[in-house]
1. Looking at the stretch C:366-374, is at least one residue of a type in the set (Ser, Thr, Tyr), without any contact (Cβ under 8 Å) to a residue 40 or more places away in the chain, more than 26 Å from C:Ile203 (Cα to Cα) and assigned to a helix (DSSP H, G or I)?
2. Give the residue that is nearest to the other protein chains (Cβ to nearest Cβ), with candidates limited to residues of the stretch C:331-365 that are buried (at least 24 other Cβ atoms within 10 Å of the Cβ) and outside any helix (DSSP H, G or I).
3. For B:Pro194, which of the numbered conditions (1) surrounded by fewer than 22 Cβ atoms within 10 Å (Cβ to Cβ); (2) within 14 Å of chain A (Cβ to nearest Cβ); (3) touching a Ser or Thr at 6+ places or on another chain (Cβ under 8 Å) fails to hold?
4. Against the conditions (1) of a type in the set (Gly, Ala, Ser); (2) within 11 Å of chain C (Cβ to nearest Cβ); (3) buried (at least 22 other Cβ atoms within 10 Å of the Cβ); (4) over 24 Å from C:Ala339 (Cα atoms), where does B:Gly71 fall short? Just the number, please.
5. Which of the following residues is part of a helix (DSSP H, G or I), within 14 Å of chain B (Cβ to nearest Cβ) and in contact with a helix residue (DSSP H, G or I) (Cβ under 9 Å, 6 or more places away or on another chain): C:Val157, C:Val149, C:Val191, C:Val209?
6. Give the residue, chosen from A:Ala252, A:Ala207, A:Ala199, A:Ala228, that is assigned by the TED database to the domain that holds A:Gly292 and either among the aliphatic types (A, V, I, L, M) or part of a helix (DSSP H, G or I) (or both).
7. Only one residue in A:Val33, A:Val51 is touching a Lys or Arg at 6+ places or on another chain (Cβ under 6 Å), at pLDDT below 95 and of a type in the set (Val, Ile, Thr), so which one is that?
Amino acid sequence: MIQIENLTKRYGSTEVVRGVSLRVRQGEIAALVGTSGSGKTTLLRMINRLVEPTEGRVLIDGEDASGIQPHLLRRRIGYAIQGHGLFPHRTVGQNIATVPHLLNWSNREIDARVDELLHLFQLDPAQFRDRMPHELSGGQQQRVGVARALAARPEVLLMDEPFGALDPVIRAKAQADLLELQKKLGTTLVIVTHDMEEAIALGDHIAVMDKGRLLQYGTPKDLLTQPADDFVESLIGSAERPFRLLSLTTVADLAEQGEATGATIARTTNLRDALAECLWRGVDVLPLDGGGVVTLNALRTSGRGLAETQGEVN
Amino acid sequence: MVGRFLLIVLTLGLCTFVVRPEMFEAVFQPFTQNDAPAIYTQTSLLRLTLSHLALVACAVLASTIIAVALGILVTREFGREFLPLARTIASVGQTIPPVAVLALSVPMMGFGAAPTLLALFLYGLLPIFENTVTGLTNLPPNVIEAARGVGLIRRQRLWSVELPLAFPMILAGIRLSTVISLATATIGSTIAAPTLGEVIIAGLLTSNSAYVLQGGLVVGLIAIIIYEVFSSLEHSAARRLGFQMDA
Amino acid sequence: MHSDTTSLPRRRITLSPPGVVFAVIGLAALFVPIVTFKPNRIVPGDGVWITTAYDGVAGWLIVAILALLFLTGALKSLPPAVRIVAALAGLLGTIVILGHVATSLIADSARGARVSPAAGLWCMLAAYLLAAVDVLNRLELSLRARWMVLAGTVIVVVLVFASGYLANVSVMMEYAGRQAGFNAAFRQHLVLAFGSLGIALVIGFPIGVLLFQVNGLRRPVLGALNLMQTVPSLALFGIMIPIFGWIAMNVPMAAKLGVAGIGIFPALVALLFYSLLPVVSNTLVGLTGVAPEVGEAARGMGMTNAQVLARVQIPLALPVVLTAIRIVLVQNIGLAVIAGLIGGGGFGTFVFQGLNQSAMDLILLGTLPTIALALVAGTTLDLLVDALNTSPRKRSAS
């Protein structure tokens, strides 16, 4: 668990981060969103003390981070950044082994861990272990970057725009992989992004920052239905909001008894995709995996309902 | 491949000539007049070559150690105050001709190998220092950020990340310094340093073109061979890092 | 870059670390002989300290003032202008002391006596100069201000030497004895450095343009020029002698055209060979660096390939060619010294004569103007390059 208490960073007289408090529970993903200069990256970097806070404190599992030597703290916290930051003069295997090495693991343990991680990230160890970073594709480099961050089994992983250098097609896949991995490992994750779409896709909680201040901290649904102010609302984009809301609920919630023709869709499909599917196929009913259907009518009603709640809130 | 083959042939040819110059007497005979000797024999060519190389090697080794150390110092936090000035000195210093440094070291140390060594060392510092600083200040920022984020302490960052990444640049500085030192050492024979310049100077003084030619050839070949070896080292070092380097 | 440690609050009096280093050098220099006095040119001289040149209180007062100026330069909390003025005052003061001490020592002794600057004086000059440069460096002066600093420095140096105030210093005595020779050497040195540069531009620029057009020629030509650049200067200068000697003897017209194995001709050609690589490769780099869209746009407007080259690409490549001129000029001013060894004239004549006779003053007479020439040429061209790069015509591709 990460507790951030009244954290402030000043450079001279400019306040980059102003009195931010938030809490990320064990095994949760928190996304820090904001425009550039909002202080989100500085906030992230204060967690592993790459930036020293001017005021306030960070507790990692109840332990005050300022009481741990910075380099020892950082070896406990995974850190992955945009453009991966792999050491270009070291092989993939050596890169991943960096922190275990610093922690004096035995060679056997390290080798085993490197192979395990490469497997986990769908990179064949025999093929990739001894390659140099520049011989990999952008997506592979990014995965190795995350593998290096996870090498010493940190309880906390910090990510700064980890997918920023990837092209949109791979990015969606990388996000899905990260979600799956996080579920499997149960790592607490704090991720910085400027992309609200990414924050909604990944975050259990989203922190919206502007000019160093934390404007809102809540679940994606909170943000979509009850944006704290105009800035948060503009960041979400009011026109697309009903669609975003649709993307938060799965068809399983709207399943009805019935029969329909055509290919079935997964019960985990979100409402937005189901709506798109209906319009695309030109049908009123979609069959679900494992029986049952979802109707276009139900999708419409649900969408309207969401739009109205939103209207009430405003 | 052709280049490497040529380099080996040149090296072998050079070695043969330096060890047994008399074998090539016929080649240099046409350049002499009035039955002057075709091959310089006052001092053996091998001895001159070895002392020339030893002089350059000592100077470059010393310059490298000091210049890299200084380059590291001025790029650390506590040395930052010195960085702008050190940069200016390095670039202005390289405007000063190496011959001038050589000439000015005579009054300090007299004649012979010592002042030559001093001049080579002093002048050799500049390109290595400049390249070390350039290498250490132009590191990819996300790699350095990652090195901190992963929990490397300063000393570990320097030795295992910053210096290896700056290595090709430092090597280029050492190459520059070596080439300049080879040339300056040649001129060092005018202040009585035992170098291959002696052969050229003897040729100039006695109007014996054969001497001038053989001295010039040996020095020129050595310089070219060393330059090529350094270049290929640099290339392989840079390729390892995945940098694109121009020929 | 953010630092791990937070910065300390600023205190009232702060020291500049480089300033402290220079002050220490300077203060130490105060207790080392400033000049060497020789009753004649042959005997080894005796060191003269500031405190022995000026008796009693006067000497110590001067030492105290010079020390104070060193310390002023090291105080970071003072305004930069004050620190620069202190350093410059120290610089001028040191020169005044040199001239004064030389004049009074010479006046009191027999003919043929010599007073030459010694380690203490050199160190003091260096320490004040570095202190001034360090402060100037941090001011980030505008281009115009930098031109003025350069011009001011040149004017002051010329005035100091032209005033005759230093006439009793050994180097200047040496100069007085060889004024005509010095002027000739100066002329020859300029001819060597600028002449070879001019020829290199005339030959090298078209070669660079050719290499830009014909891709296949780049490797062999640049490779050959690179090899040439690697050959040590004395070797190349030396090799020129037999080659041109042979041409002068065997080609009837050549000797009439001034080709000879010894003299300025082989030196000029050797310098030319060293100049070609920077000119050719920078022309090529400049041309390839022009953004392709610019050429495309010009072609799209109906320019022929030749017009694109002449009106768009070459003008845009010029700043890079100018950096080549800087490299070549500074390099050739230095290399022209070697010409002194093969009878090519220039300041090298004094340097090697001086080395032959172990005459320090003669060595200085050759090296000091060479260094000054190289520094002025280098700085001037640096400023020109900066001016061209910051003008509105700055290349779109950086």
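1. yes
2. Among those that are buried (at least 24 other Cβ atoms within 10 Å of the Cβ) and outside any helix (DSSP H, G or I), it is C:Phe347.
3. The single condition B:Pro194 does not satisfy is (2).
4. (2)
5. C:Val149
6. Details: A:Ala207 fails: assigned by the TED database to the domain that holds A:Gly292; A:Ala199 fails: assigned by the TED database to the domain that holds A:Gly292; A:Ala228 fails: assigned by the TED database to the domain that holds A:Gly292.
Sole residue among the options that is assigned by the TED database to the domain that holds A:Gly292 and either among the aliphatic types (A, V, I, L, M) or part of a helix (DSSP H, G or I) (or both): A:Ala252.
7. Result of the check over A:Val33, A:Val51: A:Val51.
Residue by residue, here is whether (1) at pLDDT 90 or above; (2) assigned to a helix (DSSP H, G or I); (3) charged (D, E, K, R) holds:
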{"position": "B:Leu158", "(1), (2), (3)": "yes, yes, no"}
{"position": "B:Glu162", "(1), (2), (3)": "yes, yes, yes"}
{"position": "B:Ile180", "(1), (2), (3)": "yes, yes, no"}
{"position": "B:Pro194", "(1), (2), (3)": "yes, no, no"}
{"position": "B:Val199", "(1), (2), (3)": "yes, yes, no"}
{"position": "B:Gly203", "(1), (2), (3)": "no, yes, no"}
{"position": "B:Gly216", "(1), (2), (3)": "no, yes, no"}
{"position": "B:Leu221", "(1), (2), (3)": "yes, yes, no"}
{"position": "B:Ala237", "(1), (2), (3)": "no, yes, no"}
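The values are calculated or read from the model by the stated rules, or taken from the named source; none is laboratory data. If you're wondering where the values come from, they're calculated on a predicted model, not measured in any experiment. Cβ atoms come from the backbone with ideal geometry, glycine included; neighbour counts cover every protein chain shown.
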